[in-house]
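Below is one structure, written out as structure tokens; the observations come after it.
The values are calculated or read from the model by the stated rules, or taken from the named source; none is laboratory data. Source: prediction; values computed, not measured. Protein only, heavy atoms only, side chains kept; ligands, DNA and RNA dropped before computing areas. Shrake-Rupley method; radii C 1.70, N 1.55, O 1.52, S 1.80 Å.
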Amino acid sequence: LIGANLLTGILLLGHVHAGRSRALGFLVLGYLLTALIASAHLLTFPGLFADQGVLGGNHQTTPWLHLAWHALFPLFVLGYTRSTDAPPLPPHFMRVGALLIVLVVALLVLVSTSGVRWLPPLMVGTRTLPLYHWIAGAVLALTVGVLWAIVRKRPRTVLDVWLAVAMAAWMFEVALSCVLNDGTFDLGFYAGRLYGLAAALFVLGALAIDNIALHAR
């Protein structure tokens, strides 16, 4: 997931530098945020590198990071759909945006580790609490709305089509791993992760094929 999102962001960044597209700039920042939060999620996952992760926190840290991760990325995709006809990027937009993304992720990690004692619990052991499902339901509704915005976007590009496919996979991931499952390491947990990996790979594959075709032409 981390590698796929970083590579997708790098390929999109090349298009941003070539065309100064504000819409693609939002997508680049979204994939950067996703890769950074996925890295924090990896480092804080209980029992992977340490009993409570290497960044501190407790067993509530990764659920909060997971929900933030899956709520924020659709907002950047929505920004992409709403910025197609926007003016070109101003100078230093990407540098400032990347810095803000790093600061936002650092704040999320700080709140979910050092400040986790002030957050309401989402899990008891490996079982999810009702609050987790309610928040995940809101994230799922947001994802469905963003998917609808992409489907209705005109004119539609090849990237739009694959983003729609990726958001559909994102929707299935949230539904299976956050809304319909009962906790970690059940069927929904693993099936959702597979859909999440698919969502990360669809756009990457489309960009790779597009670059190959560009070189061929």
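Measuring nothing but how far apart in sequence close Cα pairs (under 8 Å, 6+ apart) lie, relative to its length, the chain scores a relative contact order of 21 percent. In this structure region 127-217 gives 54 Å² per residue of accessible area when probed at 1.4 Å with all protein chains present. Distant-in-sequence amide contacts of GLY183, defined by a placed amide H-H separation under 5 Å and a gap of 5 or more residues or a different chain, comprise THR128.
Using only the alpha carbons of region 59-197, what is the convex hull's orientation-averaged projected area in square nanometres?
So the Cα hull casts an average projection of 9.3 nm².
For region 207-214, 3J(HN,Hα) computed residue by residue from phi via the Karplus equation (6.51, -1.76, 1.60; θ = phi - 60°) reads 5, 5, 5, 5, 5, 4, 5, 5 Hz, glycine and proline entered as x. Rounded to the nearest 10 degrees, the angle from helix 130-152 to the longest Cα principal axis of the chain is 10 degrees.
Relative contact order for region 1-47: 46 percent, from Cα pairs under 8 Å spaced at least 6 residues apart, divided by residue count.
Using a 1.4 angstrom probe on heavy atoms only, work out the carbon and sulfur share of the accessible area of the chain in %. Carbon plus sulfur share of accessible area: 74 percent.
Using θ = phi - 60° in the Karplus curve 6.51 cos²θ - 1.76 cosθ + 1.60, the 3J(HN,Hα) couplings for region 177-182 round to 8, 10, 9, 8, 8, 9 Hz; x is entered for Gly and Pro.
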